[in-house]
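Q: Below you'll find the structure I mean.
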Amino acid sequence: MVPPVSVNDYVKFITQTFVQHYEKPSNERKSLKHKRKSERPPFMLRWFGILPYAFMVLFKKNK
């Protein structure tokens, strides 16, 4: 079990994360965003699971 975190520690963590993010140049932030988007699974797989996605791939292959 994870011990509870105090409010001060949480605010400190959030502030550090926020500052680190905005200290990066904007083009680096954009490239990281595009990289994360490209690594995500397809929409059908994320929302409906593997079976509908498998059927879609199967029907596309047969065409």
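No value in this document is a laboratory result; all are computed from the given coordinates. This is a predicted model, so every value here is computed, not measured. Heads up, the Cβs are rebuilt from the backbone with ideal geometry, glycines too, and the neighbour counts pull from every protein chain shown.
Q: Do you know the Lys pair count in the chain for C-alpha distances under 30 Å, with sequence separation 8 or more or different chains?
A: 14
Q: I've got another one for you. Can you tell me the FRET efficiency between E39 and F18 if r is taken as the Cβ-Cβ distance and R0 is 30 Å, rounded to the nearest 0.05?
A: Efficiency for this residue pair is about 0.80.
Q: Next question. Over all pairs of distinct alpha carbons, what does the Kirkwood formula give as the hydrodynamic radius of the chain, in Å?
A: After inverting the pairwise mean of 1/r, the radius is 15.8 Å.
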